[in-house]
1. Could you list, in sequence order, the residues of the stretch 126-159 that are in contact with a helix residue (DSSP H, G or I) (Cβ under 8 Å, 6 or more places away or on another chain) and among the aromatic types (Phe, Trp, Tyr)?
2. Please go through the stretch 243-282 and give me each residue that is among the aromatic types (Phe, Trp, Tyr) and buried (at least 19 other Cβ atoms within 10 Å of the Cβ), ordered by number.
3. Scan the stretch 145-186 for residues that are in a loop (DSSP other than H, G, I, E, B) and open to solvent by less than 40 Å² (accessible area, probe 1.4 Å) and jot them down.
4. Select from the stretch 252-272 the residues that are assigned to a strand (DSSP E or B), over 17 Å from the mean Cα position of the chain (by Cα) and over 11 Å from residue 292 (Cα atoms) and list them in ascending order.
5. Quick check on my filter: what residues within the stretch 92-112 are within 13 Å of the ligand (Cβ to nearest atom) and touching a Pro at 6+ places or on another chain (Cβ under 7 Å)?
Amino acid sequence: MRSWRSSGDQGGPAGRRRGPALVTGGQPGAGQRPEIRRLTQDDDLAPVLDLARRSFGPFGAEAAAARLADTRESVADGRHLGAFDGGRLIAAAKYFDMVQWWHGRRLPMAGVAGVTVAPEARGQGAGRALMTALAGQIAARGYPLSALYPATAAVYRAVGYELAGAQYQASVPARSLRSLLPPDVAAAGRPDSRAGLRRAGPADAAEISAVIGRVHEAARDCGPADFDLGTSARMLDDEHLFCYLAADGFLAYRWQGGNSEVLVYCATAGSAATARALWSVVASHSSMAGTVRAFCGPADPVSWLTREPDVSLARHEPWMLRGRPRRRGRPGSGRGARRRVHRDGVHARLLLSRRQGDTPVHLAAPGPGGR
Ligand SMILES: CC(C)(COP(=O)(O)OP(=O)(O)OC[C@H]1O[C@@H](n2cnc3c(N)ncnc32)[C@H](O)[C@@H]1OP(=O)(O)O)[C@@H](O)C(=O)NCCC(=O)NCCS
């Protein structure tokens, strides 16, 4: 899971408290009791990449280097747990230090990612024990929210995560974007159709984060998420990702399938003029690309820009959310504790959905990741 996103929050909500070096895992099944602890800079990180390859499929040298950089960062920051059986790494999981907007309010959020158990160790409780330990650490560090994209739900439900929203993807024939509908009378009058767009890169991570934050705050958005600045800068440092920044908007996209498609990760705009300017850049690729796909919210204005109703929107990937349990205990340390944490997770979901009303919850872009 890659994204360009950033946030102005360099530290976790409770700072960089480390706590004990050894994290006690829950009670795994089938008599297996892996030792669960934070990975340290003294650990060999090659087995972490090996677990990822065996769990998520092949990735090339470039992706391996990006994963290793992310892993070094999460290990250095105490955000990466490993489960060891006789000194051998059999499972790992981490979280990104992220933020998520709820009704325009920016909240610290731990984005769980890289949950991997070695194939030969699966189905014996290691995944649940690891997630129990990780959720405990996230709560101990003070994050009010944690989110992830689940490949499977049971292991996350068991520790209090519940489905709360989805990432959506719009798909539109590129030729439909070629002549965007002209601005209506009310929106006209802004002469600069480019809205002051400029190319952006890793050095702009902080400004991009600030611009995106202002847009989500003004729109009172629910669900979009953003990474910390270091992660963002690494993601922006990609020659295949093309980014443009305006005073109230940000665009990030890449080619996909050779040059047959354009994949838009983010086209966030705070005004009609900027939305038009961002989509004009995307539309300029219609001579090459057949299809434009874009991660966006269900209420994204892109469908208003085409003459014909050519924009189709699909629920791309659901995500799960866990609120911080109100009662502190040792999550997962016993049957009662598990029930309590789970109930509190569901409570958080109900509370959020009541507050949301009819507001569609979405992640405007790849955010928290289970992978
Ligand atoms: C998914 C994964 C992390 C689960 O780890 P695990 O050690 O096998 O899980 P556990 O033995 O602790 O089982 C925990 C629960 O998840 C369920 N579960 C485990 N693997 C499952 C699967 N592939 N499909 C559906 N449910 C599954 C178990 O039945 C159990 O449910 P229960 O408590 O209701 O009995 C592991 O199988 C894995 O690494 N898979 C490949 C990578 C992946 O998909 N990672 C998750 C990315 S979001």
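The values are calculated or read from the model by the stated rules, or taken from the named source; none is laboratory data. Bear in mind the structure is a predicted one, so any value in this text is a computation, not a measurement. Note that we place each Cβ from the backbone using ideal geometry, even for glycine, and neighbour counts take in every protein chain shown. Ligands, DNA and RNA are excluded from the accessible area calculation, which covers all protein heavy atoms including side chains. Shrake-Rupley method; radii C 1.70, N 1.55, O 1.52, S 1.80 Å.
1. Selection gives 156 alone.
2. Matches in the stretch 243-282: 244, 250, 253, 265, 279.
3. Those that are in a loop (DSSP other than H, G, I, E, B) and open to solvent by less than 40 Å² (accessible area, probe 1.4 Å): 149, 150, 153, 158, 159, 160, 161, 180.
4. Listed by number, the list holds a single entry, 269.
5. 111, 112
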